[in-house]
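The values are calculated or read from the model by the stated rules, or taken from the named source; none is laboratory data. These figures come from a predicted structure and were not determined experimentally. Neighbour counts are summed over all protein chains in view; Cβ atoms, including those assigned to glycine, are modelled from backbone coordinates with ideal geometry. Just the protein is used for accessible areas: all its heavy atoms, side chains included, with ligands, DNA and RNA removed. Shrake-Rupley method; radii C 1.70, N 1.55, O 1.52, S 1.80 Å.
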Amino acid sequence: MRRLWGIRGDGQRCRQLPRAGHIPAGGAAQRRRRAGPGAARPPRLAGDGLVRLATVLAVVAVAGVAAYVSYWHAVDVVTHHGETSVRGHLYPVAIDGIIVAASMVVLDAARHLEDAPKLAWGLLGAGILVTLAANVTYGVAFGLSGALWAAWPAVAFVGAYELLMMLVRASARRTQAGPAGPVPSPVPNAAETSAEASLRATLAAGNPWSVNQLQAQFRLTRAEAARLRSRVLAESNGHAPEPDAPDNP
């Protein structure tokens, strides 16, 4: 390692250790490893946006078709049970509409990683049971297989909403996780080791590095430089280092 020479405040030459730029590549690798696993948010994969868009489009398409079929099944059922004319066409809206409204409340809670209100879950369950009953009633006239086929649109409609909520919950978790800060390492890296040795040398010469000089010479953060300088100065005076000593430029 090439030695460098500098001029002390009293005009005499003193030996300095290399700056951070001259530290071997291993020091940089150690510095990167300080963050540890999970220190940064995982990078987004190239196809994330496309996958989400395709999922949302598929869910909307399935929910739309299922809602349309389920609506007309319910219209047929209620019109054969006394609700005629406009009332027969509006009645299914009260069934499927309550499912949509309750689902939106559950969806909003999922976006904020909160528990949905019990009322929303209760109305969602009731709406699912009623629309399922209406579809089964429509298909039962065609036998068991007809009842099963007629029930499928209601199942698909509810399942599509649940898939959408799962997607929103996952997106909310990733967003709220955010990038984590660096994790301090108990083992000093090469830059800190060099900075400490240089600081001790300049301290022995009577002109210790300041926090700003440690930052500039060894590319430490201000917190790292202040902590290092506080510890070395305290040890030189025979005292324990103060964890949050003020900066001394």
Check: When the residues of the stretch 216-247 are filtered to those that are more than 38 Å from the chain's Cα centre (by Cα) and at pLDDT below 85, which remaining residue is surrounded by the most Cβ atoms within 10 Å (Cβ to Cβ)?
Finding: Ser236
Next item on the list: Mind listing whichever residues of the stretch 104-120 are in a loop (DSSP other than H, G, I, E, B), on the phi < 0 side of the Ramachandran plot and open to solvent by less than 100 Å² (accessible area, probe 1.4 Å)?
Entry: His112, Ala116, Pro117
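Every residue, every condition in (1) hydrophobic (A, V, I, L, M, F, W, C); (2) open to solvent by less than 50 Å² (accessible area, probe 1.4 Å); (3) modelled with pLDDT under 80, yes or no:
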{"site": "Ala150", "(1), (2), (3)": "yes, yes, no"}
{"site": "Ala156", "(1), (2), (3)": "yes, yes, no"}
{"site": "Ala172", "(1), (2), (3)": "yes, yes, yes"}
{"site": "Gly178", "(1), (2), (3)": "no, yes, yes"}
{"site": "Pro184", "(1), (2), (3)": "no, no, yes"}
{"site": "Ser198", "(1), (2), (3)": "no, yes, no"}
{"site": "Leu203", "(1), (2), (3)": "yes, yes, no"}
{"site": "Trp209", "(1), (2), (3)": "yes, yes, no"}
